[in-house]
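Notes follow once the structure below has been shown.
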Ligand SMILES: *Cc1c(COP(=O)(O)O)cnc(C)c1O
């Protein structure tokens, strides 16, 4: 299988190259030339994420060196569960797909771990001896997941740039608790400035000569493919139990998570409706209403990991479907901060469920489904553990959110981080100090 750029279907590469490059040289996103198809029976006897992953992803690696190591990669990456937990007290059958059981308590652990495991094998296959330097700018969740996934892998150093004072206190701790081959840089600036510094570093002639630079960018196809796996596993579980398709409500920002679900549905897995829940950033909802694609600056909300005004994976969706088809495949509903707050309060009382602010957008969409749809089997996708956002959640529910063991461990570690100004020279000094 080959992958081509969304901006040029003539530019084709295999999976290893698509993952190692992250973004196509023309600035486009890599998409598979075609999607393989499966039936539910193809997965008979498979229940574990790692085993389903090998089967599901193998066609994408066909003809590439990664085919030989895919089994290893999947067992390295999928070392924590994504359980489907039944909800009680809902009008119809409903479950929560808990994607927060990884090392940093958010679904980004799946993509980051698969990317790290893949790059490790790709570099071994290519006999790369130069150290890789990964730079990542983060608004909160991505940086922690990437740090955890690459921690103590001896072939790589990671620089994590985050905006001082603009992430939750526990997110900050998850970014700074590493040391060793992870360099955490607390930037005196905004997320956009962190991102600009990373872009400038990639364009800097001197740095490019000295280092092999790479990004763990969220648009890397190596982060999307593993995200398909939990949709496959959970839809098969519901199909085997009920003979009916699963319908998903997905908290969405950059559309990476929902794009994986859309691909898996197109590949023939038993999936019915897909609804994207967004926060007050309405770009996608407005597009589905008007047919006009109008990206804009993002606005800050309680569900901050979804504060995206120009969702980059839309380029992948539009490479797959025209507007009429997109309208057939997905719906999108925007949820504002006031509704997020009320939903967290209400469902803690009535369902005994504590949502993170992102997951609360999906719950809000669920409760407003038309009555005739509430009899379908719905899956609310839970993208982060509420304890990660205790500063928002606890005042709303007036109780402490229990901290999962993985998060508790990171919260107990000492911090290793350096404060820097939001300028490229400050970043360069840090990079040079380490080698
Ligand atoms: C990143 C993130 C999202 C948004 O996912 P996309 O793939 O960008 O749509 C939602 N919730 C949480 C907790 C996240 O960290």
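Derivation of every value follows stated rules applied to the coordinates shown; laboratory data play no part. No experiment lies behind these values; they were computed from the predicted model shown. Ideal geometry is used to build each Cβ from the backbone, glycine not excepted, and the neighbour counts take in all protein chains shown.
Tabulated data
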quantity	calculated
Looking only at region 95-134, and only at residues there that are assigned to a loop (DSSP other than H, G, I, E, B) and within 16 Å of the ligand (Cβ to nearest atom), the one that is surrounded by the fewest Cβ atoms within 10 Å (Cβ to Cβ)	101
Check on residue 87, in contact with a helix residue (DSSP H, G or I) (Cβ under 7 Å, 6 or more places away or on another chain) and in contact (Cβ under 8 Å) with a residue 40 or more places away in the chain	no
Test for residue 311: is it within 14 Å of the ligand (Cβ to nearest atom) and either over 16 Å from the mean Cα position of the chain (by Cα) or not in a strand (DSSP E or B) (or both)	yes
Test: residue in region 400-418 that is farther than 28 Å from residue 89 by Cα and assigned to a strand (DSSP E or B)	yes
Only one of 87, 97 that is within 18 Å of the chain's Cα centre (by Cα) and more than 26 Å from residue 20 (Cα to Cα)	97
Count of region 21-58 residues which are part of a helix (DSSP H, G or I) and farther than 23 Å from residue 79 by Cβ	4
Long-range neighbours under 6 Å by Cβ, at least six apart or interchain, first residue at positive phi within region 18-36, second surrounded by 15 or more Cβ atoms within 10 Å (Cβ to Cβ)	22/215; 22/217; 22/220
Residue count for region 345-357, restricted to those that are assigned to a helix (DSSP H, G or I) and either within 14 Å of the ligand (Cβ to nearest atom) or surrounded by fewer than 22 Cβ atoms within 10 Å (Cβ to Cβ) (or both)	6
Those helices (runs of 4 or more DSSP H) lying entirely in region 192-301 with at least 1 residues touching a residue at least 12 places away in the same chain (Cβ under 8 Å), closer than 30 Å to residue 135 by Cβ and within 16 Å of the ligand (Cβ to nearest atom)	221-242, 256-266, 283-290
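Here is a yes/no grid of residues against (1) under 21 Å from residue 73 (Cα atoms); (2) in contact with a strand residue (DSSP E or B) (Cβ under 6 Å, 6 or more places away or on another chain); (3) in contact (Cβ under 8 Å) with a residue 60 or more places away in the chain:
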| site | (1), (2), (3) |
| --- | --- |
| 125 | yes, no, yes |
| 138 | no, yes, no |
| 156 | yes, yes, no |
| 162 | no, no, no |
| 172 | no, no, no |
| 178 | no, no, yes |
